[in-house]
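The values are calculated or read from the model by the stated rules, or taken from the named source; none is laboratory data. In this text, all values refer to a predicted model and were calculated from it rather than measured experimentally. Quick reminder, even Gly has a Cβ in these numbers, built from the backbone with ideal geometry, and neighbours come from all protein chains shown.
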């Protein structure tokens, strides 16, 4: 009978370490594969409130010093929080660079962050235990707003199912809560979140704008109905029947003034049609059965206006595209400027920021200079500054004061001035008549990680077809 011997595994023969508590200010933080160790205020607050819950991994060097191999962020945060001790698991470890790198990579890879679904469930359980939003935020080192959003998601069946089943982010799931009861919009948002997540911010902003426009139309229609108008849900008949209405756009009062809703007060048969114009604004079309008997007169011109030919199907399609793209542009503008605000809130500016600042003073000097003369409101907004009301026609400039209080943010302020200047000279005309400078600007945003909407792609693609 042959005897076989199985070689012991490395795990079986490894020397067990020792768990100790050490002063974080006296340990040595070893070189790490993580090139940066960002410490957020929330992370430091969490360490201060709860201490270091997961021991750092350490070893002793030849001089007997305790060296942190894994856990540099926890160690540095403990120093910031002024903890007297932190738990450390001390093992025998070689000082060789290869051993250090392998162990640090494995230690980091083995850490799997909580999903947003897990985090929301934790918020909900803590709330069930009687903790307030403020206490939950403090204990977990997050913000009260994040906890509040998480609890709203947990309390909404559609959003809670989506964040769990489809691994949506907390922000995406929170957007679903906004549109509870609107099945078509929810289906659209779910599809985008799962198949084109980079377009989610644009899609949800368009949905918000469409909802707000519909609410504004409903509010105006209700106001007119309350004032005794018959409000039509489509353009009413103005030709070919005895009860046809007359559109008042080409009529004036006896004094030649444009007819408004006020002029029709108490007039029988007054009617209206409420719609949005090509830029998304609300327009009220007014009608009467017989404006002449009400004392109104036909508008007169020096030269009789030419008879308008009926629109072709191609013209109608072009107008539909114009209206749709104008609405999409305004929605994208909100998303883009929120993204720029986040960009400028980061500690480090993106690659190439210095070049963009220089281009702002050269290629875009007219846009930037014009915005500066007007107080560059957008630069303030992008930096989170509220200018307040103007005095003697001058908008308060808070940028200099901000720079005095944040001297290390000089490049942030310069970039905000440039971006604010360029952005203030974008509008729906930008997609309708793109140029090389605006195209380069939008391509730069893409290089920094911004996801263009379809209408913004029209601008960015300018000059690339040749």
Practice task
Kindly check whether there is at least one residue in segment 13-36 that is modelled with pLDDT under 90, touching a helix residue (DSSP H, G or I) at 6+ places or on another chain (Cβ under 9 Å) and within 30 Å of residue 135 (Cβ to Cβ).
Solution key: no
Exercise for the section: Counting only residues that are under 19 Å from the mean Cα position of the chain (by Cα), under 22 Å from residue 330 (Cβ atoms) and outside the structural domain of residue 201 (by TED's automatic domain parsing), give me the helices (runs of 4 or more DSSP H) lying completely in segment 406-466 with at least 3 of them. Expected result: 410-423, 436-447, 454-460
Fill in the blank from the handout: Of the conditions (1) without any contact (Cβ under 8 Å) to a residue 40 or more places away in the chain; (2) surrounded by 15 or more Cβ atoms within 10 Å (Cβ to Cβ); (3) within 23 Å of the chain's Cα centre (by Cα), the single one that residue 227 does not satisfy is (3)
Exercise for the section: State whether one or more residues within segment 202-212 are out of contact with any helix residue (DSSP H, G or I) (no Cβ under 8 Å at 6 or more places or on another chain), surrounded by fewer than 14 Cβ atoms within 10 Å (Cβ to Cβ), at pLDDT below 95 and more than 30 Å from residue 266 (Cα to Cα). Expected result: yes
Handout entry: residue 145 vs. criteria outside any loop (DSSP other than H, G, I, E, B), within 21 Å of residue 339 (Cβ to Cβ) and not assigned by TED's automatic domain parsing to the domain that holds residue 334
Key = yes
Problem - Search result, residues across segment 350-382 that are assigned to a loop (DSSP other than H, G, I, E, B) and touching a helix residue (DSSP H, G or I) at 6+ places or on another chain (Cβ under 6 Å) - result: 363, 364, 376
Exercise for the section: Report yes if residue 190 is farther than 30 Å from residue 135 by Cβ, within 15 Å of the chain's Cα centre (by Cα) and part of a helix (DSSP H, G or I), otherwise no. Expected result: no
Completion exercise
Within segment 412-432, of all residues that are farther than 17 Å from residue 279 by Cα and touching a residue at least 60 places away in the same chain (Cβ under 8 Å), the one surrounded by the most Cβ atoms within 10 Å (Cβ to Cβ) is 419
Fill in the blank from the handout: When every residue in segment 225-244 that is in contact with a strand residue (DSSP E or B) (Cβ under 7 Å, 6 or more places away or on another chain) and modelled with pLDDT of 90 or more is compared, the one nearest to residue 295 (Cα to Cα) is 229
Problem - Filtered residues of segment 250-265 (kept if modelled with pLDDT of 90 or more and within 47 Å of the chain's Cα centre (by Cα)) - result: 251, 252, 257, 258, 259, 260, 261, 262, 263, 264, 265
